[in-house]
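Have a look at the structure below, then the notes.
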Amino acid sequence: MTNSSSSQHLFANVLARVHAVCAALASDGVLPDGIDLSRVVVEPPRDASHGDMATNAAMVLAKEAKAKPRDLADKIAAKLHADELIESVDIAGPGFINLTLKPQVWSDALRTVLREGDGYGRSRIGAGEKVNVEYVSANPTGPMHVGHCRGAVFGDALASLLDVAGYDITREYYINDAGAQVDVLARSAFLRYREALGETIGEIPDGLYPGDYLVPVGQALAAEYAGALNQMPEEKWLPIVRLKAIAMMMEMIKGDLAALNIRHEVFFSERSLIDGGSDRVAATIDFLRAKGDVYVGRLPPPKGAPVEDYEDREQTLFRATAYGDDVDRPLLKSDGSYTYFASDIAYHKTKFDRGFLNMVDVWGADHGGYIKRVQAAIKAVTSGKATLDVKIVQLVKLLRNGEPVKMSKRSGDFVTLREVVDEVGSDAVRFMMLFRKNDAVLDFDLAKVIEQSKDNPVFYVQYGHARGISIFRNAREAFPDLPEDAVKRAAYLGSAAVERLTDPAELGLLRQLALYPRIVEAAATAHEPHRIAFYLYDLASEFHALWTRGRDLPHLRFIINNDAEITRARLALVQGVVSVLASGLAVLGVHAPNEMR
């Protein structure tokens with residue numbers, strides 16, 4: 001795959017030209033030497049009638065220039081008028097500068113798409129920086145449910161997006177295998193073990209996991225140990241059963257994730273922090289104590305509602321307030337065992353020790369109150385060198401034709417991820433999980449996501465790709481040598497007279513294609529993969545609209561039998577659309593089909 005530099009792409013190119021004009025004004029004494037241009041942006045205007053691009057340069061530089069924004073805008077505009085790419089410059093409102101580009105800019109943008117192929121949109125803004133993206137990290141106590149599904153898809157797509165933007169990505173899963181919940185899992189599995197030996201176990205007691213998914217664990221234990229575990233006291237059989245149950249649950253979870261085409265490079269066990277001869281949690285507490293960040297003291301009672309883990313006693317506390325948290329946080333429980341937070345600090349310190357200064361954690365909606373303390377801990381253990389961005393994924397409401405979906409027999413009390421994927425397919429699940437911002441509640445309707453209509457975004461975008469391929473199939477009557485392979489087809493169409501694409505709808509599509517690299521960079525910088533999904537829907541919509549116009553206005557059809565030159569130009573446009581749709585869908589982990597059945 002080509003690794004294209006973002007400096008070759010249109011918005012970055014025009015931004016570089018605006019920067020050059022500002023540097024020239026600094027040489028003229030209009031702007032101070034060494035002025036910070038980092039806040040200067042070039043972006044599409046809010047209203048398309050205002051031109052092709054807009055820059056805030058005059059607005060953000062006026063204060064340092066000791067000038068009125070409008071006056072500074074006049075000086076910037078005067079220099080931009082001379083630029084070979086720029087047709088016209090207009091100043092709007094208090095000093096925004098709107099730019100209209102020359103028509104050949106859009107033809108050149110399409111040629112760039114054809115030349116770069118699947119490298120188009122790739123960026124180097126990440127400069128190879130290592131980023132750890134930790135997502136899913138569900139307790140290994142049962143199958144994945146539909147809530148886990150959203151975090152899994154979001155984390156996986158974010159990792160792919162950052163990879164395309166030039167970062168060095170590690171996908172990680174933190175296995176919570178050291179808390180009380182895995183002992184509950186072991187006791188639940190032990191019940192199924194006794195059942196496998198022929199005992200009648202009756203109703204599963206409250207507090208244990210009732211799902212049928214533990215039946216195979218019981219059977220495996222019976223096959224391996226026969227009746228031996230029944231002869232042992234709990235403190236002997238519990239670790240054996242726990243180990244087996246966790247291993248089998250993790251295999252099931254990995255299988256559920258594989259059904260969604262989700263993978264992790266690293267599975268990090270919480271238990272490994274304290275097992276294996278070295279206690280990394282104790283070492284981390286000692287490290288913080290030596291820095292003065294751990295002390296023994298009393299916490300004031302919480303204001304408002306009572307807090308579950310509050311204890312009015314002398315205890316070992318992390319000085320979280322020194323790093324931006326609201327209160328200091330306990331590291332040891334009254335029985336001397338570690339708090340979950342203490343393990344979390346040690347775990348995140350291992351990420352830093354492995355060379356990650358840039359960390360992203362994807363958490364469920366119920367963890368919002370935990371963000372500040374973990375960010376405070378990371379500041380403390382890395383001396384401010386590392387950053388953590390926590391992305392919260394909100395709840396998924398599972399519906400069928402608008403009605404809430406009943407719970408699953410297999411799990412006992414929730415709908416499993418696998419059931420949803422088996423019903424509607426991984427493409428529908430992945431796209432729709434990303435077609436809403438991660439921190440907004442998502443209504444996922446199992447009937448609507450498989451409808452073949454414009455109201456179903458995943459169908460509409462995939463159909464855009466399939467429609468493009470069908471246009472190539474039809475074009476082979478006039479162009480029998482049009483290649484089927486995308487790379488060869490792009491090369492074949494690379495010399496087309498694309499400057500003949502002058503209809504407003506064609507120009508609109510060209511502008512959309514030119515926008516893609518900027519969308520990738522902005523989405524990667526903001527950690528927001530939903531921007532790619534929104535962009536693809538807009539691109540597909542414009543493509544379908546142009547196809548429909550050709551049905552009503554025959555001179556706008558993609559294939560004009562008596563004009564080979566315009567046909568080649570329009571096929572080049574279709575290739576650009578198909579290429580960018582495939583690229584964006586790949587970032588989201590969704591297939592780009594050649595036909596829709």
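The values are calculated or read from the model by the stated rules, or taken from the named source; none is laboratory data. Worth saying up front: this structure is predicted, and the values here are computed from it rather than measured. In this analysis, Cβ positions are derived from the backbone assuming ideal geometry, glycine residues included, and neighbour counts consider all displayed protein chains.
General remarks:
- Which listed residue is surrounded by fewer than 12 Cβ atoms within 10 Å (Cβ to Cβ) and in contact with a Lys or Arg (Cβ under 8 Å, 6 or more places away or on another chain), from Asp481, Asp455: Asp455
- A residue that is among the hydroxyl-bearing types (Ser, Thr, Tyr) and touching a Gly at 6+ places or on another chain (Cβ under 8 Å) cannot be found anywhere in the range 217-240.
- Residues within the range 315-344 that are without any contact (Cβ under 8 Å) to a residue 12 or more places away in the chain and acidic (Asp, Glu), tallied: 1
- Within this structure, Val498 fails the test of being buried (at least 21 other Cβ atoms within 10 Å of the Cβ) and within 21 Å of the chain's Cα centre (by Cα).
- In the range 169-181, of all residues being at pLDDT 95 or above and among the hydrophobic types (A, V, I, L, M, F, W, C), the one that is nearest to the chain's Cα centre (by Cα) corresponds to Ile169.
- Top-ranked residue in the range 345-404 [being without any contact (Cβ under 8 Å) to a residue 12 or more places away in the chain and assigned to a strand (DSSP E or B); ranked as farthest from Val415 (Cα to Cα)]: Glu403
Yes/no per residue for (1) buried (at least 16 other Cβ atoms within 10 Å of the Cβ); (2) of a type outside the set (Phe, Trp, Tyr); (3) assigned to a helix (DSSP H, G or I); (4) assigned by TED's automatic domain parsing to the domain that holds Ala569:
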site: Lys75; (1), (2), (3), (4): yes, yes, yes, no
site: Lys79; (1), (2), (3), (4): yes, yes, yes, no
site: Ala82; (1), (2), (3), (4): no, yes, no, no
site: Ser88; (1), (2), (3), (4): no, yes, no, no
site: Ile91; (1), (2), (3), (4): yes, yes, no, no
site: Asp108; (1), (2), (3), (4): yes, yes, yes, no
site: Arg111; (1), (2), (3), (4): yes, yes, yes, no
site: Leu114; (1), (2), (3), (4): yes, yes, yes, no
site: Ser123; (1), (2), (3), (4): yes, yes, no, no
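- Residues of the range 146-168 satisfying the condition of being more than 12 Å from the chain's Cα centre (by Cα) and surrounded by fewer than 23 Cβ atoms within 10 Å (Cβ to Cβ): Gly147, Gly166, Tyr167, Asp168
- Where His264 falls short, out of the listed (1) in contact with a Phe, Trp or Tyr (Cβ under 8 Å, 6 or more places away or on another chain); (2) outside the structural domain of Cys149 (by TED's automatic domain parsing); (3) not aliphatic (A, V, I, L, M): (2)
- Which numbered condition Leu288 misses (of (1) closer than 23 Å to Phe268 by Cβ; (2) assigned by TED's automatic domain parsing to the domain that holds Gly155): (2)
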